[in-house]
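Asks: Dropping a structure here in structure tokens format, bear with me for questions.
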Amino acid sequence: MEAAAASLSGSNIFHRNYRFSRSIIRSRYIASGSRYFSNSDLNTQNHSVFKGPNLSNVQIQKRNLRLQTNCALGVCTFPENVMESHHSHVVEEKLGVLLLNLGGPETLNDVQPFLYNLFADPDIIRLPRLLRFLQRPLAKLISVLRAPKSKEGYAAIGGGSPLRKITDEQADALRMALEAKNVRANVYVGMRYWFPFTEEAIEQIKRDRITKLVVLPLYPQFSISTTGSSIRVLQRIFKGDAYLSRLPVSVILSWYQRQGYINSMADLIEKELGKFAKPEEVMIFFSAHGVPVSYVEEAGDPYKDQMEECIYLIMQELKARGIGNDHTLAYQSRVGPVQWLKPYTDEVLVEIGQKGVKSLLAVPISFVSEHIETLEEIDMEYKHLALESGIKNWGRVPALGCNSLFISDLADAVVEALPLAKALSASTENDEEAEYDPLRYLVKMFFGSILAFLLLLTPRVVLAFRNSLF
């Protein structure tokens, strides 16, 4: 995540139902290829999403599906019960593609408000219901405390994040790739935590009178903290808007299994391996952005399973090319006292250095654009740690950026998703709204305030806050 944080295979597309509601993070589900396996007792048939060799190295749990929107392999389309048939005949078809990304501060003055937006997201800091009214005050406190250190990181890479510039370039490249496939579409960029915000992109989509929209998050693997959070923003925006609720939409939930993406990553790895004096001795070190363990074990986030499968597929492609290097996966960018997915990147680097590994190629696997996690955390912090730990030869695979094969494959994903677009129905009240009880809310506020007061006045918090101000 910036400063903190399935495959569409042609004919192998099938339809499922899925409701994007807050149950996406409360229910237990495992997704692979964007098929969400829930604990629902509804009887729906399980299907294997894998092609090619048996994935014996990846444990994929299959669960039953409880879905209420049409879902394809990697694509979710919203229910078609509002869009009238005359819409497509009267209005000239105008296609739109919305690229979703995290966003990042463009100047050092943007760092603290960017961090506030990040930590104010309930999908980033998941508080118990009793304490949810503290989301914004807590985000303010954390952003103030973290801003000085984060500013140092952004200063080291030029004073701001390059993410917006790169994403705009990817949008232009995708538009041209679609034109080469005889598909004319407007491509928009919507950031979750900084400009241009998703809300701004949606307003432009409305002004342009787009008649069919494909939503493409620039996260290869699905997580409730990335794609899931952005989808809920769209859900909120669409909910009360007559135009948007009638707009046919397809959401590409994840695309880490697409062969174009796998080949693009394998190409980059193969190229960087060739720069070492002894390529066969290089350990391939995949570093992915971490998420708290609770997201996976309690909320059912499919991110870990998808990440492991993604790496398996890349290594299979490399083996097919005669590249059989050792490899490992670790997770970076953990924040706070909670347990995050292990193993941790910094700890693994020390361990493999102590074991005698001399050549290492770092692969930022969950990032398709250069930003602070690649340019500062990997290129500076982790490189320094690796060299200190005994590794002599260091290399790093660049992010995909505007790699032509990668962009062309994203264009194919969009083309495959277009026929599946359907209108978003008016959302029903979520469980929290339906269960609202004023008396119960006041009781929670009272006791929650007492608990918050006690927590915030602990000496450690007071000292940290005072040090951040003076």
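Asks: If the cut-off is a Cα-Cα distance under 22 Å, which lysines reach LYS212, setting aside same-chain residues fewer than 8 apart in sequence?
Replies: LYS94, LYS181, LYS239, LYS422
Asks: Filter the trypsin sites (Lys or Arg not before Pro) in the stretch 198-232 down to the DSSP loop ones having no more than 15 other Cβ atoms within 10 Å, then list what survives. Before the final figure, lay out the partial values.
Replies: Details: sites: LYS206, ARG207, ARG209, LYS212, ARG232; in loops: ARG209.
Answer by residue number: ARG209.
Asks: Could you calculate the contour length gain from SER294 to LEU387, that is, 0.36 nm times the residue separation minus the distance between their Cα atoms, to one decimal place in nm? The partial results should precede the final answer.
Replies: Working: separation 93, 0.36 × 93 = 33.48 nm, distance 3.26 nm.
Stretched out fully, the SER294 to LEU387 stretch lengthens by 30.2 nm.
Asks: According to a simple spin-label model (label point 7 Å from Cα along Cα-to-Cβ), what is the distance in nm between ALA156 and ARG321?
Replies: 3.0 nm
Asks: Moving on. Tell me which residues come under 5 Å, amide H to amide H, from VAL214 once H is placed; ignore anything under 5 positions away on its chain.
Replies: GLY96, VAL97, LEU98, SER250
Asks: Determine the percent antiparallel among the DSSP beta bridges restricted to the stretch 202-337, to the nearest 5. Write out the running numbers ahead of the final one.
Replies: Values: 0 of 9 bridges.
Here the antiparallel bridges make up roughly 0 percent for the stretch 202-337.
Asks: Please give the peptides 301-307, 374-380 ranked by average Cβ packing (other Cβ atoms within 10 Å per residue), highest first, as a rough proxy for protection. Walk me through the numbers before you get to the answer.
Replies: Values: 301-307: 25.4, 374-380: 19.9.
Result, highest mean Cβ count within 10 Å first: 301-307, 374-380.
Asks: Between VAL144 and PHE197, what FRET efficiency follows from the Cβ-Cβ distance if R0 is 22 Å, with the result rounded to 0.05?
Replies: Working: r = 22 Å, r/R0 = 0.99.
Once the sixth-power term is evaluated, E becomes 0.50.
Asks: Residues of the stretch 259-400: accessible area per residue at 1.4 Å, in Å²?
Replies: On the way: 5540 Å² over 142 residues.
Using a 1.4 Å probe on heavy atoms only, each residue of the stretch 259-400 averages 39 Å².
Asks: Can you tell me the length gained on complete extension of the stretch ALA180 to GLU92, counting 0.36 nm per residue apart and subtracting the Cα distance? Show your work: numbers first, answer last.
Replies: Values: separation 88, 0.36 × 88 = 31.68 nm, distance 2.10 nm.
Full-extension gain reported as 29.6 nm.
Asks: Once neighbouring chains are kept in place and the probe is 1.4 Å, which whole percent of the accessible area of the stretch 259-400 is contributed by carbon and sulfur? Don't skip to the end; give the middle numbers.
Replies: Working: 2670 of 5540 Å².
Here carbon and sulfur together make up 48 percent of the probe-accessible area.
Asks: Hand me the GluC sites (Glu not before Pro) from the stretch 318-375 located in a DSSP loop with no more than 15 other Cβ atoms within 10 Å, in residue order please.
Replies: Numbers: sites: GLU347, GLU351, GLU370, GLU373; in loops: GLU370.
When the GluC sites (Glu not before Pro) of the stretch 318-375 are filtered for loop state and at most 15 Cβ neighbours within 10 Å, nothing remains.
The values are calculated or read from the model by the stated rules, or taken from the named source; none is laboratory data. Computed from a predicted model, the values in this text were never measured in an experiment. With ideal geometry, Cβ positions are generated from the backbone for all residues, glycine too; neighbour counts draw on all protein chains shown. Accessible surface is based on the protein model in full, side chains and every heavy atom, while ligands, DNA and RNA are left aside. Shrake-Rupley method; radii C 1.70, N 1.55, O 1.52, S 1.80 Å.
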